[in-house]
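Encoded as structure tokens, the structure appears first; notes follow it.
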Amino acid sequence: MQYAKIIGWGKCTPPATLSNEDISTVVDTTDEWISTRTGIKSRRVSHVGTGELATVAAKRALDCAGIAGEDIDLVLLATCTPSTLVANTASYVQQQIGATGAAACDVNAACSGFLYALQNATAQIRAGMVKRAVVIAAERMLWHVNWAKRDSAVLFGDGAGAVVLEASSEEFGLLATKTGCDSEDREILHIRNFGTDIDKHDSAQPSDILFQGKDIFKRAVKGMSEACDDVLSQANLALEDIDMLIPHQANLRIIQAIAKQLQLNDDKVMVNIQHYGNTSAATIPIALCEALEQGKIKPHSHIMSAAFGAGLTWAASYIKWGERVTPIIESKAELPECKQTGLEIMADAIKYCQ
Ligand code: UT7
């Protein structure tokens, strides 16, 4: 039997920050409201494109694995904020990491995108179609924000994370998964003024994240908890067997409600939403990297992950970690220097929306 072991991981969180106090100078909100309703204190703002964020995360994951881009057969990039749609942004990453012989494809399942892409790459490796894959999630969610609207402006951030998978006879990697989509309710979370549905001859309008927050909140808790139960039973595991839950980071209260539903103690739940906000598909690989950096993932840890997003897509995954929890090579890959503050980077976008 062939498995798809995770042999490398890396994240790229751009340096400029936008604190709750910064946002309260733009829209009618307060640090107190954002902190208590969402758990978010700050988020990162990218001074570069999604493709560059993805490239740095991928290079760091490759160094961590101790392999070169040319060893990669497949580049999958989960994103709903691609730098370019055509050519796809994965092809930019393929070029930048030197994965000359690799297939390259973008995957859009919004916030569930990383787990969808991980499932896809794992299946290709397990079927013997490819030997090594890099699975990336990279987002510039602040690009979509309408700065005239306080309900969405406070929630999102930019960032990227990646893992490298390799065919292995050892039973590690993604071992059970469940993905789905409740399309009848796709309208309760969507982005307006983006895509070919808009009239391109009409005057341009800012893109706009529209959602029914309370409804999504309830569905996210139910959907992710049920998907976790499904994956546990597929893997023939009990909740006590899980060492770490890495949930999508959309709202601290959603994470706490899932933990309560699954009866998991706080020390088994990875939370970093306070630093990054909701980076859509990128939240899970960024949180995975930080769990490793913080020593929360040990050799052979049993990891559960779950996500929920526009579509309405949802996913849960059970990953059995391998031996290694430290990088083979400390990566030197870096973004170009950023000389602006978060508010300075966003200044034109804010002016455009107001
Ligand atoms: O992934 C895409 C989007 N993510 C989600 O939708 C995640 C799921 N939902 C949530 O995380 C939460 O529903 C939110 C954080 C979006 C909202 O929290 P809530 O506890 O459901 O608040 P609410 O929408 O019921 O609004 C409560 C009040 C309202 O005022 P009134 O009607 O009670 O006077 C809002 O107008 O809070 C007001 N409000 C704000 N006040 C200050 C909404 N946004 C803000 C804000 N600052 N940024």
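Some notes on this structure:
- Verdict on Ala227 being more than 14 Å from the ligand (Cβ to nearest atom), buried (at least 20 other Cβ atoms within 10 Å of the Cβ) and closer than 30 Å to Gly69 by Cβ: no
- Within the stretch 22-102, helices (runs of 4 or more DSSP H) holding 2 or more residues that are more than 16 Å from the ligand (Cβ to nearest atom), in contact (Cβ under 8 Å) with a residue 12 or more places away in the chain and open to solvent by less than 10 Å² (accessible area, probe 1.4 Å): 50-65, 89-97
- Taking the stretch 305-348 as the range and being in a loop (DSSP other than H, G, I, E, B), open to solvent by less than 60 Å² (accessible area, probe 1.4 Å) and touching a residue at least 40 places away in the same chain (Cβ under 8 Å) as the test, the residues that pass are Trp321, Gly322, Pro327, Ser331, Ala333, Leu335, Cys338.
- Of the residues making up the stretch 233-253, those that are assigned to a helix (DSSP H, G or I), out of contact with any Gly (no Cβ under 9 Å at 6 or more places or on another chain) and either within 12 Å of the ligand (Cβ to nearest atom) or open to solvent by less than 90 Å² (accessible area, probe 1.4 Å) (or both) are Ser233, Leu239, Asp241.
- Picking from residues in the stretch 180-209 that are open to solvent by 40 Å² or more (accessible area, probe 1.4 Å) and either of a type in the set (Ser, Thr, Tyr) or part of a strand (DSSP E or B) (or both), the one that is nearest to Tyr116 (Cα to Cα) is Cys181.
- Restricting attention to the stretch 263-281 and to residues that are within 16 Å of the ligand (Cβ to nearest atom) and part of a helix (DSSP H, G or I), the residue that is most open to solvent (accessible area, probe 1.4 Å) turns out to be Gln274.
- The residue pairs whose first member lies in the stretch 282-299 and is buried (at least 23 other Cβ atoms within 10 Å of the Cβ), whose second member is among the hydroxyl-bearing types (Ser, Thr, Tyr), and whose beta carbons are closer than 6 Å, counting only pairs six or more residues apart or on different chains, are Ile284/Ser305.
- For the stretch 124-154, residues that are outside any loop (DSSP other than H, G, I, E, B), within 11 Å of the ligand (Cβ to nearest atom) and either open to solvent by 50 Å² or more (accessible area, probe 1.4 Å) or without any contact (Cβ under 8 Å) to a residue 60 or more places away in the chain (or both) total 3.
The values are calculated or read from the model by the stated rules, or taken from the named source; none is laboratory data. Everything quoted here is computed from the prediction, not taken from an experiment. Glycine gets a Cβ as well: all are built from the backbone with ideal geometry, and neighbour counts include every protein chain shown. In case anyone asks, the SASA skips ligands and DNA or RNA and just uses the protein heavy atoms, side chains included. Shrake-Rupley method; radii C 1.70, N 1.55, O 1.52, S 1.80 Å.
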